[in-house]
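Scroll down for the structure; my scribbles are underneath it.
The values are calculated or read from the model by the stated rules, or taken from the named source; none is laboratory data. These numbers come from a predicted model, not from an experiment. Neighbour counts are summed over all protein chains in view; Cβ atoms, including those assigned to glycine, are modelled from backbone coordinates with ideal geometry. Just the protein is used for accessible areas: all its heavy atoms, side chains included, with ligands, DNA and RNA removed. Shrake-Rupley method; radii C 1.70, N 1.55, O 1.52, S 1.80 Å.
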Amino acid sequence: MRATRPLTLLIISNIISGFAQGISLLAIPWYFVSILHSAEKLSLMYMFTLVGSVFWGLYSGTLIDKYPRKSIFLVFSLIGGIVLCSASASGLFYPAGVPTFMVVAVFVCTAYINGIYYPALYAFAQEVSEAKGYGKVNSLLEIQSQAMTIASGGVAAILLQGIDVDSIHLHIRYSSFVIPLALHIKAWSLSRIFLVDGITYFIAIGLISMIKYTPHTEKHQEEGTVWERFKTGNNFLRSHPLILIFGLCSLSIFVFLLIYFNTLVPVYVISHLHKTVTIYALTDVFYASGALLAGVWVTRIFKTTSTTKAILLFTVITAMALTLCTFTASLWIYFGFSFLLGITNAGTRILRITYIFHHVPNNLTGRVNSVLNMLGTVCRIGLALIFSLSFFAEGDNVIWALTICVVYLLVNLLILWLNSSKLDEKYPDLRLKTV
């Protein structure tokens, strides 16, 4: 692993902004489902955001390969800070708080920033690291990301609902001495949450500005239009169809995850489990705990197992556990599934990205990933369009949405399984030689 200081600074900035962003991204879906009582609007908002992100994904991949990744981090952190602080300020002029159109603006802006920020983050990690350190770097990025998700999920559970515990029920006892305590935390408004989130973007800008590094891989800047540069990534995948199949099918858990957390979880918690915002926020804590575990152990546990076989196993586990959630309303089974989903998604992502690092040149990484992400986004649009039907928000019908997700996972599982032998033969798993 090289360039420890640049990665450290970037990770610290990511921790600070990611913590506050995690609270915002939990607050927005809950706002639509529990405050506006409109799960359909949440799905529609998510779907239209995805439609725009298809075109944004095509463009962002070329930006990642054309411009210094540090510049990308700075520019989009500035945009995020301005939008979040503006949304917070708008809440001062409306009696009901932040207007819905500004909540939508924050959601869309955050989605688009993440659409370029995280691919740029992994491309930067590849750029400043040696090949033998790819697995460790990806695990490190996953660990810090999920640690912040745990923290933000726990804090969100408090801030979105508040705490009011009288000293009668809360005390410290030592021998015969009793020290009474009272805990009163008022629920935060969206305006206040957005303000803190916006400020963290500006803190991140200060940290990123301090980054200095020498690229480990040579960067070849290409000329031409966005479409011409995008075609370069598309042509690479057309000439490597097995990489295309792997890249798309290995995204299935991630595609499901985004649909699940952004549109289905709040409906499932309210309509199926009949629980409150605390349970909704704690979902992130259990999920991130599993993801954190995967970040620490996945490359060790699967050090003698090919990436394709490991991802097949993760997909099977996800589909089986999700199926169990459709047949029960047990809170602990739900938390158990959230924990397993953290393991399977993070484990898949670490192994998948490491595999792509080894088989896709760094100067093409952004464009290749933009094509794969675009295809994954098209799948999410289709699912979001289906789930925007009022049928899935009525009664307990959310379980049928989960059933559709199970089918989606199994279809991708089958395609990857049918091509796994060819993948292992034509594209040897170099990770097995470097872990």
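Using a 1.4 angstrom probe, figure out how much accessible area the stretch 303-356 has per residue, in square angstrom, rounded to the nearest whole.
35 Å²
Between LYS275 and LEU36, 0.36 nm times their residue separation minus their Cα-Cα distance comes to what?
My answer for the length gained is 84.3 nm.
Using only the heavy atoms of the protein chains and a 1.4 Å probe, how would GLU40, GLU425, GLU394, GLU127 rank by accessible area, largest first?
In descending accessible area the options line up as GLU425, GLU394, GLU40, GLU127.
Return the subset of LYS231/LYS422; LYS70/LYS426; LYS66/LYS422; LYS303/LYS422; LYS66/LYS309 for which the Cα-Cα distance in this structure is over 29 Å, preserving the input order.
In this structure, LYS70/LYS426; LYS66/LYS422; LYS66/LYS309 lie more than 29 Å apart at Cα.
Under the 0.36 nm per residue contour assumption, what length would be gained going from the current alpha-carbon distance of THR8 and GLU425 to full extension?
146.5 nm
Where the accessible area of the stretch 344-416 is counted over protein heavy atoms with a 1.4 Å probe, how much of it, in %, is carbon and sulfur?
Carbon plus sulfur share of accessible area: 75 percent.
Dimensions of the stretch 249-315 along principal axes (Cα, Å, largest first)?
Taking max minus min along each principal axis of the Cα atoms, the stretch 249-315 gives 43, 24, 15 Å.
Lys and Arg at +1, Asp and Glu at -1: add these up for the other residues within a Cβ distance under 13 Å of PHE314 and post the number.
+3
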